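To keep things clear, I will list the structure first and then write my remarks on it.
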Amino acid sequence: MATDTITGHARAPKFPWVPVLLYLTLGVLAFIFIMPLAVMVLTSVRPLEEIRTAGIIGIPQHVTFDAWGTAWNEACIASVCEGLQPYFRNSLAIAVPATLLSTILGAVNGYALTKFRFRGADTLMVLIILGCFLPLQAVLIPAAQTLSSLGLANSVFGLILIYAVYGLPFTTLFFRNYYVAVPDEIVRAATMDGAGFWRIFTQIMLPISWPIFMVSVVFQFTGIWNEFLFGVSFSTGASQTVTVALNNLVNTTFGVKQYNVDMAASLIAALPVLILYLFVGRFFVRGLTAGSVKG
Amino acid sequence: MTTLNISGLKKSFGTTDVLKDINIAVGDRGFLVLLGPSGCGKSTLLNVIAGLEQVSGGGITMDGQEITRVESKDRDIAMVFQSYALYPSMTVERNITFSLEVRGVPREQRRQAAAEVAESLQIAHLLGRKPSQLSGGQRQRVAIGRALVRSPKVFLFDEPLSNLDTQLRLETRALIKRLHQRLGSTSVYVTHDQSEAMTLATHIAVMSKGEVAQFGTPAEIYSKPANLFVARFVGTPPMNFFPASVTERQGQLLVHLENCGAIPPMDLSSHGALLHSVGRKLTIGVRPDQLVLAESAEDGDPVLEAIVDIVEDTGTDMFVYLRSGNQEFILRQPPGLPPKSGATLRVALPVTNMHFFDTELGDRLSD
């Protein structure tokens, strides 16, 4: 008798309502989020003829990558018909150095502000962090003046400088918050071992900084790659960034709207960030939550 | 071998004086322990010796050479930290030899140095590991190895055992003592744990509020505490204190215990130093292990009737918490049948083992 009550063989298995509801909700949400991307991908592989007859949303009848090729190196932007490809290269040439520059400088800032504390360090920190709250529009005109007085207007270098400087408050904040959790005693020990400011930074701090380094790189690269306002203000013609070129491509086609080319171009422009997230997304999350470094 | 002299040392942060006129000398083969509660300035003093903090006044000399303004790395001093402070990304071997690496010692020599040090600390099998793969005790051994490898003139220890559990703390304490015995290097050791201080030190500086409350050998500190602060801080369980007063009658010095009800005053005419305290408040200190049960007391020692509050049996000792009138005190007894709570004991205060302090000034009345 006793064993019967314990095993409870009389009770019917319960229907797992909670997990079922959970997955249903998640499924619906995932569907809603993936829809626009799906439509873009599907449209980009349909021939223009099919889009015109069957409507802009639909399953491709025959799949073709012609639109991708056109978007990459044939589509006309203003009077130049070389596709997105030169501007894609511009964006890479801007985003990669600007990302690295702002990340490295942010790391040095965060290190100096936490481990080599000096009079006024906290005030300086607050001032730097205030930069996070400055809207781009507010610095547009001063930035334009600075660039022209430096002779960097309308050049790739000008945009690198602007993006690197504008990113500094964020990267500084990231690294400061990370380094604050590293025990000061490590720096003291290294000082007594004879290491100086830069050796401690490169040999002790940087090797333990990769989680926050990833966060900073992903954050900066995404921001810079997708940025439009500075791009459209400070680059024209051949030095345009990919976002500006994409905008021009979509807005300036003559005659029939080439939806498949527009979609392919948008996807191409979005691809680097997507790839970055695919490869380092999990480091990004891990880096955001990683705080202390256990010695 | 090295002598270390600290004279007139001052350190302030803004308007707060953290160290006020510190004067300490450590001789050859000396092991100085800076002992005090948290916030007494002992760690700041250590950092000043290490060169990690600048002084506000006074100076430090090593072997007669002024080092007050010398940079930390040029002082030939190594330090072991409470949190171990190992470099997380480096292997144990590289942690130990980092200082040599900075000084440009060739790889082969570094490897050999690491092997020797690791051998002496029994961590040779750990050389390839990262700090995160080590236990607390192993980490502290690596930290000690990092200090040893440089054969510095002076070793500094900043509460190196505080993060270890009891067993490891005893082992590592013995390790440090053994190393000091073997190498004889001058050492300065900061702790708030008086048993570490008593066991390791050749000299102890008890610190309080940025000042040295007493500087002396462990035996001096224990047997002749210079003031109430030291008397209270050193010894477990702490010394018992009995408020008292002195009167003079017909050439006799009579001492009255104030909280213990009606017991006859003691005639302490033999203690000449008390003469100056007539009419002043006095504190009499007696260590728990020097109180005796009345049966084994000597004639003339005052006897208190006390009620047992609680009894702590540690296995090696039995600590009896007692109350007599308003006076609470602790008696140490050898292990045995513990007295029952509420029972009455007759306890004698041996005059020969009394410490006399001026209650207001806190100073010891010399005998």
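The values are calculated or read from the model by the stated rules, or taken from the named source; none is laboratory data. Keep in mind the model is a prediction, meaning the values are calculated, not measured. Reconstructed Cβ throughout: ideal geometry from the backbone, glycine too, with neighbour counts over all protein chains shown. Remember, those area values only see protein heavy atoms, side chains included, never the ligands or the DNA or RNA. Shrake-Rupley method; radii C 1.70, N 1.55, O 1.52, S 1.80 Å.
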**Prompt:** Say the dipole of segment A:86-289 comes from +1 at the beta carbon of Lys and Arg and -1 at that of Asp and Glu; which of A:183, A:210, A:221 then lies farthest toward its positive end?
**Reply:** A:183
**Asked** For chain B, modelled as a Gaussian network with Cα springs under 10 Å, which listed residue fluctuates most, B:204, B:123, B:144?
**Response** B:123
**Message:** Averaged across orientations, what area in nm² does the convex hull of the alpha carbons in chain B project?
**Reply:** 22.4 nm²
**Item:** Most to least packed among B:265-274, B:29-38 [average Cβ atoms within 10 Å]
**Value:** B:29-38, B:265-274
**Item:** Average Cα contact separation per residue, chain B, under 8 Å, 6 or more apart, as relative contact order %
**Value:** 16 percent
**Request:** Compute the length gained on full extension between residue A:148 and residue A:127: take 0.36 nm times their separation in residues and subtract their Cα-Cα distance, giving the result in nm to one decimal.
**Result:** 5.0 nm
**Request:** Keeping all protein chains in position, work out how much accessible area residue B:71 exposes to a 1.4 Å probe, and write it in Å² to the nearest 10.
**Result:** 110 Å²
**Asked** Debye sum, Cα scatterers, segment A:86-289, no solvent: what log₁₀ I/I(0) at q = 0.11, 0.12 1/Å?
**Response** -0.60, -0.70
**Request:** Using θ = phi - 60° and the Karplus relation 6.51 cos²θ - 1.76 cosθ + 1.60, list the HN-Hα couplings for segment B:47-62 in order, rounded to whole Hz, with x at every Gly or Pro.
**Result:** 5, 5, 4, 6, x, 8, 10, 7, 7, 9, x, x, x, 10, 10, 10
**Prompt:** Around residue B:154, which amide H atoms from residues at least 5 apart in sequence, or from another chain, sit under 5 Å from its own amide H, with H modelled in the peptide plane?
**Reply:** B:78
**Item:** Over segment A:168-256, relative contact order from alpha-carbon pairs under 8 Å, at least 6 apart, %
**Value:** 21 percent
**Unpaired by the 4.7 Å Cβ criterion, cysteines found in the protein assembly as shown** = A:132, B:40, B:260
**Request:** Please give the peptides B:92-100, A:155-163 ranked by average Cβ packing (other Cβ atoms within 10 Å per residue), highest first, as a rough proxy for protection.
**Result:** B:92-100, A:155-163
**Request:** Can you tell me the 0 to 90 degree angle between the C-alpha axis of helix B:107-121 and the longest principal axis of chain B, rounded to 10?
**Result:** 30 degrees
**Prompt:** Based only on the alpha carbon positions, what is the Kirkwood hydrodynamic radius of the protein assembly as shown, in angstrom?
**Reply:** 32.0 Å
**Item:** Residue of A:192, A:263, A:125 that the Gaussian network model of chain A assigns the largest fluctuation, springs spanning Cα pairs under 10 Å
**Value:** A:192
**Request:** Once you've got the Cα coordinates, tell me which of B:42/B:281; A:115/B:10; B:42/B:177; A:115/B:42 are over 29 Å apart.
**Result:** B:42/B:281
**Request:** State the answer as a single residue: which of B:300, B:310, A:83 lies farthest towards the positive end of the charge dipole of the protein assembly as shown, with beta carbon charges of +1 for Lys and Arg and -1 for Asp and Glu, about the Cα centre.
**Result:** A:83
**Message:** Using a Gaussian network model on chain B with a 10 Å cutoff between Cα atoms, which of B:253, B:228, B:337 fluctuates the most?
**Reply:** B:337
**Item:** Dipole magnitude of chain B about its Cα centre (Cβ charges: Lys, Arg +1; Asp, Glu -1), debye to nearest 20
**Value:** 1640 debye
**Student exercise, the protein assembly as shown dipole from Lys, Arg, Asp, Glu Cβ charges, in Debye to nearest 20** = 1620 debye
**Prompt:** Each residue of segment B:180-189 in order: what ³J(HN,Hα) in whole Hz does its phi give by Karplus 6.51 cos²θ - 1.76 cosθ + 1.60, θ = phi - 60°, with x for Gly and Pro?
**Reply:** 5, 4, 6, 8, x, 6, 4, 9, 10, 10
**Prompt:** Sorted by mean Cβ packing within 10 Å, highest first, what order do the peptides A:184-190, B:102-108 take?
**Reply:** A:184-190, B:102-108
**Message:** About the Cα centre, and with charges only on the beta carbon of Lys, Arg (+1) and Asp, Glu (-1), how big is the dipole of segment B:7-139? Nearest 20 debye, please.
**Reply:** 420 debye
**Item:** Qualifying GluC sites (Glu not before Pro) for segment B:267-367 [loop in DSSP, other Cβ within 10 Å: at most 15]
**Value:** B:298, B:360
**Prompt:** Which FRET efficiency, nearest 0.05, do residue B:217 and residue A:22 yield, Cβ-Cβ r, R0 56 Å?
**Reply:** 0.20
**Asked** Toward the positive end of the charge dipole of the protein assembly as shown, about the Cα centre and with charges on Cβ (Lys, Arg +1; Asp, Glu -1), which of A:164, A:251, A:61 goes farthest?
**Response** A:61
**Item:** Rough spin-label spacing in nm, given labels placed 7 Å along Cα→Cβ, for residue A:141 and residue A:65
**Value:** 4.9 nm
**Request:** List, in order, the whole-Hz ³J(HN,Hα) value for each residue of segment A:20-37 obtained from phi through the Karplus relation with A = 6.51, B = -1.76, C = 1.60 and θ = phi - 60°; use x for Gly and Pro.
**Result:** 4, 4, 4, 5, 4, 4, 4, x, 4, 4, 4, 4, 4, 6, 7, 3, x, 5
**Request:** Quote the relative contact order of chain A in percent (integer), defining contacts as alpha-carbon pairs under 8 Å separated by 6+ residues.
**Result:** 28 percent
**Item:** Long-range amide H partners of residue B:91 with built H, under 5 Å
**Value:** none
**Prompt:** Kirkwood hydrodynamic radius (Cα pairs, Å) of segment A:1-150?
**Reply:** 23.2 Å
**For chain A, calculated [θ]222 nm from helices alone, where every DSSP H run of n ≥ 4 adds -39500 (n - 2.57)** = -22500 deg cm²/dmol
**Residues with amide H under 5 Å from that of residue B:82, placed H, sequence gap 5 or more** = B:158
